[in-house]
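Right, one structure below, let's go through it.
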Amino acid sequence: MANDQLSFLRNFNLFADPIHETFAWNATGNAAVVLLHGFPGTPADMRPLGEALHERGWTVVAPLLPGFGPDIPSLPERKAREWSSSVTAEISALRSSDYRHIVLIGHSLGAAVALDVGVREAVDAQVLLAPYWRFGTPLRDLLWPLLRRWMKRWRPLARADFDDERIRAGILRMLPDLDLDDETVRWGLRDLVVPTTLLDELRKAGGAARHAAKRSQVPTLVIQGLRDSIVQPRDTESLMKAMPHARLEFADSTHNLTRPDDGAFERVRTLAVGFLDEVRA
């Protein structure tokens, strides 16, 4: 089974803190924001921005996308359409509750899902933070069919130096609560397989976002970190060519635009809140 490839993670109580769960904060009025986390994040990543918007009188909903958080061992079995369908269901529930103004805010993979859903659901506006839509360079996309056959069982941490602070910080952002000084954990991580089927679904999500960008007429604010090495500025600028109606803003940030400790969160919050105030006016 596909999820056997990440079964090692079932040995740990990952994402057990309730902060990683879906949250919904109601406000008066008929305006709501759906906040979509990235890969492999959780709603915890979107809380600081959600708090700022709730203070401005928005109802805020941040769903845990299928296969993330405590369910991350099942991620290889998930399909890109599940992520979009879960967001569509959130929008339908909000409309059934008489919310007339609905906005999507997504980070990274969440931004890709927001683009895909937003164009089909005709939301009022969207904010895309470091929007993912492809793996690195166009050449890598072209070579993917060949790479996929050669790289059926990808072990990204097979040779990782777990004493390197940058590697440790990166792993703990993705998989909090792991004891990286435990040799059992280290061996498990070195043997951890990321199946190419999961990478295929991420590519599908990115492709759907690119296709949606070409058709979208949704008022859009895009915020991109200048120091982002995951979704690079040049990729976002390329995406913007398909979205001439969208507004692009840069921030002196890495990929972690939603984190208050990354240095640019004040700018991100100000831009997002101001844009949504304009939408609601």
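Applying the Karplus relation 6.51 cos²θ - 1.76 cosθ + 1.60 with θ = phi - 60° to the range 102-115 yields 3J(HN,Hα) values of 10, 10, 10, 10, x, 10, 6, 4, x, 5, 4, 5, 4, 4 Hz, where x marks Gly and Pro. Applying 0.36 nm per residue to the separation of ASP277 and ARG10 and subtracting their alpha-carbon distance, the gain on full extension is 91.8 nm. Taking only alpha carbon atoms, the chain gives an Rg to Rh ratio of 0.96, where Rh is the Kirkwood radius.
Could you give the alpha-carbon Rg of the range 149-281 over 2.2 N^0.38 Å, rounded to two decimals? Relative to the 2.2 N^0.38 Å estimate, the range 149-281 comes out at 1.32.
Taking the helices alone, the chain has a mean residue ellipticity at 222 nm of -13000 deg cm²/dmol, built from -39,500 (n - 2.57) per DSSP H run of at least 4 residues and averaged over all its residues.
Can you pull the one-decimal nm distance between simple spin-label points at ASP163 and THR197, each 7 Å off the Cα toward Cβ? The modelled label-to-label distance comes out at 3.8 nm.
Bear in mind that the values in this text are calculations on the coordinates, not laboratory data. As the structure is a prediction and not an experimental result, all values here were calculated from the model. In this analysis, Cβ positions are derived from the backbone assuming ideal geometry, glycine residues included, and neighbour counts consider all displayed protein chains.
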